[in-house]
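The values are calculated or read from the model by the stated rules, or taken from the named source; none is laboratory data. Nothing here was measured: the structure is a model prediction, and the numbers come from that model. Because the Cβ atoms are built from the backbone with ideal geometry, glycine has one as well, and the counts that use them run over all protein chains shown.
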Amino acid sequence: HFPESVASHQEALRHDPDHPMIYWGLALALGPVPNSRSVGLQDDPHGEARQAIERAMELVDNGNEVEQAFVRALYVRFDSDTYPDRDARDQAYLAAARELFEAYPGDPDAGTLLGDAYMITRPGRYYWDEDGNALPGTAEASAALERVMELRPDHPGANHLYIHLYEASNTPEQALGA
């Protein structure tokens, strides 16, 4: 549903071109996802996601404190100047998402972003070893997504990511409620 998300954000920009969160959402919709990476697609082939998050950073002071924190966290995902190596950038983004969730543990979108940040570090959906043990970071992502689903059982992003987190585990039934 990424094309629909992009179209919705572009329409929102027609009505409020100075709100950083619209550009934030556009960057998120245009950016990398675990599925695209698992099939070898480029993260941002035309630079549109980076342009969107850079515009969000230009407008960051127009947002409230929480919105500013979200923009700054997502910016790291596209900051190839500071982190030219993709793996280093992914780890920095994971750290930024972790800090965001620690600062706003009651915000379901912050927890979902942490789950997403972890999953983007593992292309091919490798969250479990051959014996079914959680790989480093899997338990943290699971706990964050579970927290989100406690706060908002119907959160589409958290439920979606939780299913993917457990689908290749020895206990896929863990995600049946999602």
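Quick notes
- Some residue of region 125-141 being of a type outside the set (F, W, Y) and under 14 Å from the mean Cα position of the chain (by Cα): yes
Per-residue answers, yes or no, for (1) aliphatic (A, V, I, L, M); (2) over 21 Å from W24 (Cα atoms):
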| site | (1), (2) |
| --- | --- |
| A92 | yes, no |
| L114 | yes, no |
| L135 | yes, yes |
| R147 | no, yes |
| H155 | no, no |
| I163 | yes, yes |
| A175 | yes, yes |
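- Residue match in region 57-69 (condition: surrounded by fewer than 22 Cβ atoms within 10 Å (Cβ to Cβ), closer than 16 Å to G25 by Cβ and under 14 Å from the mean Cα position of the chain (by Cα)): yes
- Some residue of region 163-172 being modelled with pLDDT under 90, surrounded by fewer than 16 Cβ atoms within 10 Å (Cβ to Cβ) and in contact with a His (Cβ under 7 Å, 6 or more places away or on another chain): no
- Close Cβ contacts (under 7 Å, 6 or more residues apart or on different chains) running from residues in region 11-30 that are closer than 21 Å to A69 by Cβ to residues that are at pLDDT 95 or above and among the charged types (D, E, K, R) comprise P20/E67; M21/E67; I22/D16; Y23/R55.
- Subset of region 112-161 [surrounded by 15 or more Cβ atoms within 10 Å (Cβ to Cβ) and either polar (S, T, N, Q) or in the same structural domain as S5 (by TED's automatic domain parsing) (or both)]: T112, T121, T138, S142, N159
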